[in-house]
1. Just for strands (runs of 3 or more DSSP E) wholly inside region 71-154: which have at least 1 residues that are at pLDDT below 95 and in contact with a Pro (Cβ under 9 Å, 6 or more places away or on another chain)?
2. Select from region 59-84 the residues that are hydrophobic (A, V, I, L, M, F, W, C) and within 17 Å of LYS141 (Cβ to Cβ) and write down the one among them that is farthest from ligand 1 (Cβ to nearest atom).
3. Could you tell me whether any residue of region 594-605 is more than 29 Å from the chain's Cα centre (by Cα), over 30 Å from VAL132 (Cα atoms) and part of a strand (DSSP E or B)?
4. Identify the residue in region 155-176 that is hydrophobic (A, V, I, L, M, F, W, C) and at pLDDT 95 or above and, among all such residues, is surrounded by the fewest Cβ atoms within 10 Å (Cβ to Cβ).
5. Exactly one of (1) at pLDDT 90 or above; (2) of a type in the set (A, V, I, L, M); (3) not in a helix (DSSP H, G or I) is unmet by VAL252. Its number?
6. Any residue in region 454-468 that's more than 13 Å from ILE551 (Cβ to Cβ): show its pairings with residues that are of a type in the set (D, E, K, R) at Cβ separation under 6 Å, as long as the two are six or more apart or on different chains.
7. Taking the condition of being acidic (Asp, Glu) and part of a helix (DSSP H, G or I), how many residues in region 574-593 meet it?
Amino acid sequence: PGTERPQGRVVDDEEGGVLFLSGSHHSSSSSRYGYASIDKQRQRLPVFKYRTAILYLVETRATTIIVGETGSGKTTQIPQYLKEAGWAAGGRLIACTQPRRLAVQAVASRVAEEMGVKLGEEVGYTIRFEDVTKPDVTVLKFLTDGVLLREMMDDPLLTKYSVIMLDEAHERSISTDILLGLLKKIQRRRPELRLIISSATIEAKSMSDFFRMRKKRREPENEEHGLQVEPVILSVEGRGFNVQINYSEEPVQDYVQAAVSTVLLIHEREPAGDVLVFLTGQDDIDASVQLLNDEVQTTGKHSSGLIVLPLYSGLSRAEQELVFSQAPRGKRKVIISTNIAETSLTLEGIVYVVDSGFSKQRFYNPISDIENLVVAPISRASARQRAGRAGRVRPGKCYRLYTEEYFLNHMSNEGIPEIQRSSMVSCVIQVLDDDAKLTSPTGFQVAEIPLDPMVSKMIIASSQLGCSEEIITIAAVLSVQSIWISGRGIQKESDEAKLRFAAAEGDHVTFLNVYKGFHQSGKSSQWCHKNYVNYHAMRKVLEVREQLKRIAKRIGLVLKSCESDMQVVRKAVTAGFFANACHLEEYSHNGMYKTLRGSQEVYIHPSSVLFRVNPKWVIYNSLVSTDRQYMRNVITIDPSCLLEAAPHFYQLQQSNHLLR
Ligand code: ADP
Ligand code: MG
């Protein structure tokens with residue numbers, strides 16, 4: 001690429017060795033899309049002013065840090081600038097990572113649209129179980145940071161990439177944090193590799209401190225190449241109008257209900273403009289969508305003209321497109337989202353934000369060794385970021401479903417990076433290097449499978465036990481959020497439908513029954529509808545299943561069905577998930593179990609077919625915490641299989657639990 005000089009004013013901040021570029025303010029033209037040509041829209045984005053500066057820095061520095069507000073154009077524009085400047089010439093690829101799958105898909109399809117190409121050709125994406133790229137054709141590749149980490153296993157120096165942009169670095173996902181460390185090492189071996197780290201403004205200061213700390217160390221190898229190794233921070237000022245903040249006067253008991261009432265109030269009293277509601281996950285989002293739609297249908301008066309749409313990972317492409325498309329004239333769009341809309345995705349037209357104050361976060365308890373997805377309070381930094389989503393097109397309003405006192409005195413200032421609150425098992429197995437070799441062949445096989453190590457171990461065991469067909473089906477079902485259709489108002493019907501498939505062994509075998517029925521129906525969507533089974537989830541299961549079968553064959557596993565011998569299926573599950581074994585506390589009379597590892601109190605989740613059945617010994621697939629710790633996807637086990645599956649693990653505990 002040809003060297004271009006930056007046009008902006010470059011200020012050398014001597015103390016930190018950090019360059020800040022400041023430019024004039026962006027024009028405040030209307031950003032309602034659909035009117036201007038794509039080129040005009042692209043040029044209006046704040047990041048466009050820095051195009052030359054960015055290209056100059058990427059050419060002269062090994063690492064460039066770019067900080068800019070959500071919506072300033074980092075994700076969609078910078079990869080295109082790099083391509084335009086020639087970084088994809090000669091068969092090389094430009095990569096841009098995102099922590100979330102849905103963001104990868106949405107951003108890739110937006111960029112393909114801007115470039116006027118078909119998704120999967122010049123612009124493609126890869127997420128777990130889905131590779132939409134074309135060898136020798138794709139030059140811009142969007143991928144999750146987890147997928148990039150896995151690519152390192154086949155190609156440790158990531159030789160096919162010329163530039164890697166680690167986006168959303170402020171999220172500090174585990175994979176991003178690990179990648180940061182590994183990419184620095186790769187750069188020592190491959191000085192031509194360029195790294196761009198980009199993030200929203202919220203943690204800019206700690207990011208820059210992180211790199212300042214490393215300033216003192218000299219890395220002479222790279223300086224020989226005439227390349228400056230000190231990273232540089234470029235900050236792009238965003239647009240951003242005032243956002244008026246409204247707090248709840250009283251603490252809110254039920255934030256789903258409160259969110260719904262707030263949306264209706266906004267719709268009744270406030271002028272046109274779309275609404276973005278932050279809830280935590282599929283369950284509460286589906287519930288509020290349903291409540292709002294009920295309202296639209298029954299009262300009509302207050303809520304006519306509302307279009308209510310959910311936004312969470314796992315939506316089909318068509319559903320995603322609805323979220324991003326403009327509402328018809330006279331209609332108001334209400335998007336109810338997880339915190340994916342906090343920084344990863346930009347939604348146009350939002351003027352009102354409703355913030356529940358919560359998000360789902362991964363927490364790991366090193367004492368009990370249990371990793372949980374927990375609904376937890378967000379930080380003040382997140383709350384500000386959420387409010388900012390209301391001020392992109394014009395002055396907006398944010399409704400916080402918590403009190404001002406709570407915001408000021410009880411919210412933590414910044415979130416805790418995921419790496420500090422997660423189990424590292426799957427990451428560590430994936431990235432072990434020369435110093436920490438995997439010691440057994442099973443270890444290697446486990447590392448080959450793009451799944452949680454426990455699931456991988458279960459699949460490998462199933463090959464030895466002769467039930468790999470069944471276990472691969474189970475693993476595929478466990479990889480989707482839920483195969484059931486749920487929601488308020490249809491609970492009874494869906495519970496009854498579930499009973500038709502229920503197996504005494506538990507949820508895993510129940511899944512096999514559902515899969516069998518689905519298969520026998522010719523994979524029919526009517527069949528799914530009739531049985532309260534989620535058709536999209538089942539399509540995904542089929543897809544994942546195919547991919548798992550390919551991987552299983554590649555690593556030499558035997559594909560075989562055990563027909564109806566569910567005993568071996570339970571054995572295989574036990575082999576993988578022995579660490580999640582629990583024992584019913586019979587004296588408790590309320591279905592309380594204790595985990596064998598940590599004597600933690602856990603209960604069977606109401607969605608399980610074993611709910612209220614309470615068998616003596618069970619193994620769960622995952623835990624969810626709400627008021628209690630609930631086990632999701634539970635299967636009965638034979639305690640003797642535990643000893644068989646993991647003698648090293650249960651030896652010491654025998655006297656305590658197993659022989660009781
Ligand atoms: P950043 O990464 O800095 O948060 P993006 O590059 O994601 O910003 O978005 C830049 C702009 O591109 C947004 O402000 C919006 O106008 C537009 N945009 C992004 N994604 C879409 C989409 N799916 N549909 C329509 N416009 C979009
Ligand atoms: Mg972005």
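The values are calculated or read from the model by the stated rules, or taken from the named source; none is laboratory data. Quick caveat, the model's predicted, so the values are computed rather than measured. A quick note on method: Cβ atoms are made from the backbone with ideal geometry, for glycine too, and the neighbour counts reach across all protein chains shown.
1. The strands (runs of 3 or more DSSP E) meeting that bar are 140-144.
2. My answer is LEU82.
3. Yes; the residues of region 594-605 include at least one that is more than 29 Å from the chain's Cα centre (by Cα), over 30 Å from VAL132 (Cα atoms) and part of a strand (DSSP E or B).
4. VAL163
5. Here VAL252 meets the rest and fails (1).
6. As it stands, the answer is LEU465/LYS571; GLY466/LYS560, since those pairs meet every condition given.
7. Qualifying residue count, region 574-593: 1.
Listed here are the residues, each with its yes/no results for (1) buried (at least 22 other Cβ atoms within 10 Å of the Cβ); (2) closer than 14 Å to ILE472 by Cβ.
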site: LYS549; (1), (2): no, yes
site: LYS553; (1), (2): no, yes
site: LEU559; (1), (2): no, yes
site: SER564; (1), (2): no, no
site: GLN567; (1), (2): no, no
site: ALA572; (1), (2): yes, yes
site: ALA575; (1), (2): yes, no
site: ALA581; (1), (2): yes, no
site: ASN590; (1), (2): no, no
